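Input: a single structure, listed below in structure tokens.
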Amino acid sequence: MKKGKKLYEGKAKIIYSTSDKNLIIQYFKDDATAFNNIKKSTIEGKGVLNNRISEHILNNLSQIGIKNHLVKRLNMREQIIKLVEIIPIEFIVRNVATGSITKRLGIEDGTVLDQPLLEFCLKDDKLNDPIIAEEHILAFGWATKKELEKVKKMILRINDFMIGMFRGVGIKLIDFKLEFGRLKTDGKTEVILADEISPDTCRLWDTITDKKLDKDRFRKDLGDLIPAYTEVAKRLGILHEQSNVSAVNVTKLRPLKKRK
Ligand code: UDP
């Protein structure tokens with residue numbers, strides 16, 4: 001399959017067409033942005049780590065029946081993914097209150113929620129991704145009732161699975177963001193998970209120390225983002241223990257054989 005022209009460049013990824021009209025190539029950049037693009041930087045090696053971590057998680061989700069856009073990882077920075085029509089909603093799942101919700105609602109940082117809390121944000125940078133109610137989604141036709149019900153079921157399953165996966169390696173899944181898309185095949189349309197899942201889009205805290213192993217290291221100027229993402233990759237068994245924790249080494253790592 002041939003890589004075609006650049007279709008779109010986002011904050012952390014670039015999308016290219018391919019010779020197959022149903023597939024696109026997703027390139028993971030090293031760019032980091034926060035607070036709706038106000039804070040920007042380039043962190044060498046981040047794209048490589050997110051590509052690998054996201055591949056690992058999406059493959060695991062496929063194995064438990066969660067359909068998603070990943071076809072296969074091509075190389076250290078690229079994946080082939082299915083072309084979908086993105087539902088313009090960011091689904092935020094929270095197990096512990098931190099980040100925007102603590103400021104918005106005055107909730108104490110670190111409050112453990114009795115059950116996962118699902119929030120909806122409209123995907124619109126110009127409007128600052130405003131939080132919306134389910135009623136808005138239906139009123140303005142951003143998704144149908146049926147699609148929302150399906151997405152909500154998938155989200156709970158994804159959350160359960162990821163909580164367990166991370167707990168097994170000493171990490172707490174605090175919150176994360178997901179996007180879904182409509183996949184058209186043979187005249188039928190199906191909603192699938194269509195997003196990366198990585199420390200850029202999840203909050204991950206060490207179980208014992210509460211050390212932040214995610215993009216908050218960039219948002220809050222905590223430093224050492226690459227060592228933290230590398231730690232997540234190592235604990236998940238994606239990188240060998242002896243892999244060195246420097247950005248330069250991360251970018252030079254060769255693909256490892258897929259683990260069973
Ligand atoms: N998130 C994301 N992309 C966004 C907004 C949020 O990946 O555009 C993730 C974020 O990394 C965190 C969760 O969603 O894991 C909840 O984020 P929150 O609403 O607290 O926003 P923030 O504090 O990042 O503004």
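The values are calculated or read from the model by the stated rules, or taken from the named source; none is laboratory data. Because the structure is a prediction, the values reported are computed rather than measured. Cβ placement follows ideal geometry from the backbone for every residue including glycine, while neighbour counts extend to all protein chains displayed. Ligands, DNA and RNA are stripped out before the accessible areas are found, and what is left, the full protein with its side chains, is counted by its heavy atoms. Shrake-Rupley method; radii C 1.70, N 1.55, O 1.52, S 1.80 Å.
Which one is farthest from the chain's Cα centre (by Cα), of the residues in region 218-242 that are of a type in the set (G, A, S) and not in a loop (DSSP other than H, G, I, E, B)?
Initially, region 218-242 is screened for residues of a type in the set (G, A, S), giving 223, 228, 233, 237.
Right, trim to not in a loop (DSSP other than H, G, I, E, B) and you get 228, 233.
Details: A228: 16, A233: 14 Å.
Out of the qualifying residues, it is A228.
Does region 21-38 contain any residue that is of a type in the set (A, V, I, L, M, F, W, C), within 14 Å of E78 (Cβ to Cβ) and free of Cβ contacts under 8 Å to residues at least 24 places away in the same chain? Give the steps one after another, and end with the answer.
Applying the first criterion (of a type in the set (A, V, I, L, M, F, W, C)) to region 21-38 yields 23-25, 28, 32, 34-35, 38.
Pick out the ones that are also within 14 Å of E78 (Cβ to Cβ) and you get 23-25, 28.
Those still in the list that are free of Cβ contacts under 8 Å to residues at least 24 places away in the same chain too: none.
Checked against the condition, which is being of a type in the set (A, V, I, L, M, F, W, C), within 14 Å of E78 (Cβ to Cβ) and free of Cβ contacts under 8 Å to residues at least 24 places away in the same chain, region 21-38 yields no hits at all.
Restricting attention to region 41-83, report how many residues are surrounded by 20 or more Cβ atoms within 10 Å (Cβ to Cβ), closer than 19 Å to K2 by Cα and either over 16 Å from the mean Cα position of the chain (by Cα) or among the hydrophobic types (A, V, I, L, M, F, W, C) (or both).
2
It is to be established whether one or more residues within region 41-55 are of a type in the set (K, R) and either within 19 Å of V191 (Cα to Cα) or without any contact (Cβ under 8 Å) to a residue 40 or more places away in the chain (or both). So that I can check it myself, show each step before the final result.
First, pick out the residues of region 41-55 that are of a type in the set (K, R): 46, 52.
Of the ones still in play, those that are also either within 19 Å of V191 (Cα to Cα) or without any contact (Cβ under 8 Å) to a residue 40 or more places away in the chain (or both) are none.
No, the conditions are met nowhere in region 41-55.
Does region 221-246 hold any residues that are charged (D, E, K, R) and either in contact with a His (Cβ under 8 Å, 6 or more places away or on another chain) or more than 16 Å from the ligand (Cβ to nearest atom) (or both), and which are they? Before you say what the answer is, go through the steps one by one.
First pass over region 221-246, keeping only residues charged (D, E, K, R): 221, 224, 231, 234-235, 241.
Listed by number, the residues that qualify are D224, E231, K234, R235, E241.
Are there any pairs, at least 6 apart or on different chains, whose C-beta atoms fall under 6 Å, with the first in region 156-182 and more than 15 Å from G65 (Cα to Cα) and the second among the hydroxyl-bearing types (S, T, Y), and if so, which?
The qualifying pairs are G170/T207; K172/T207; I174/T98; F176/T201; K177/T201; R182/T189.
Quickly run through region 24-40 and pick out the residues that are open to solvent by less than 70 Å² (accessible area, probe 1.4 Å) and within 16 Å of the ligand (Cβ to nearest atom).
Correct list: Q26, F28, K29, D31, A32, T33, A34, N36, N37, K39.
Before we move on, is E78 among the acidic types (D, E) and closer than 20 Å to T189 by Cα? Can you show your working first?
Numbers: among the acidic types (D, E): yes; closer than 20 Å to T189 by Cα: no.
Here the answer is no, as E78 does not meet what is asked.
Any residue that is open to solvent by 70 Å² or more (accessible area, probe 1.4 Å), within 14 Å of the ligand (Cβ to nearest atom) and on the phi < 0 side of the Ramachandran plot - is there at least one of those in region 213-220? Steps first, answer last, please.
So the first thing to find is which residues in region 213-220 are open to solvent by 70 Å² or more (accessible area, probe 1.4 Å), and the list is 220.
Pick out the ones that are also within 14 Å of the ligand (Cβ to nearest atom) and you get 220.
Add one more test, that the residue is on the phi < 0 side of the Ramachandran plot, and what stays is 220.
Yes: one or more hits.
If I86 passes every condition in (1) of a type in the set (A, V, I, L, M, F, W, C); (2) within 16 Å of the ligand (Cβ to nearest atom); (3) open to solvent by less than 20 Å² (accessible area, probe 1.4 Å) but one, which one does it miss?
(3)
For region 148-183, how many residues are assigned to a helix (DSSP H, G or I) and buried (at least 19 other Cβ atoms within 10 Å of the Cβ)? Outline the logic, then answer.
First pass over region 148-183, keeping only residues assigned to a helix (DSSP H, G or I): 148-167.
Next cut, buried (at least 19 other Cβ atoms within 10 Å of the Cβ) only: 148, 151, 154-155, 158-159, 162, 166.
Qualifying residue count, region 148-183: 8.
Suppose we filter region 1-23 for residues that are open to solvent by less than 20 Å² (accessible area, probe 1.4 Å) and hydrophobic (A, V, I, L, M, F, W, C); how many remain?
So the answer is 1.
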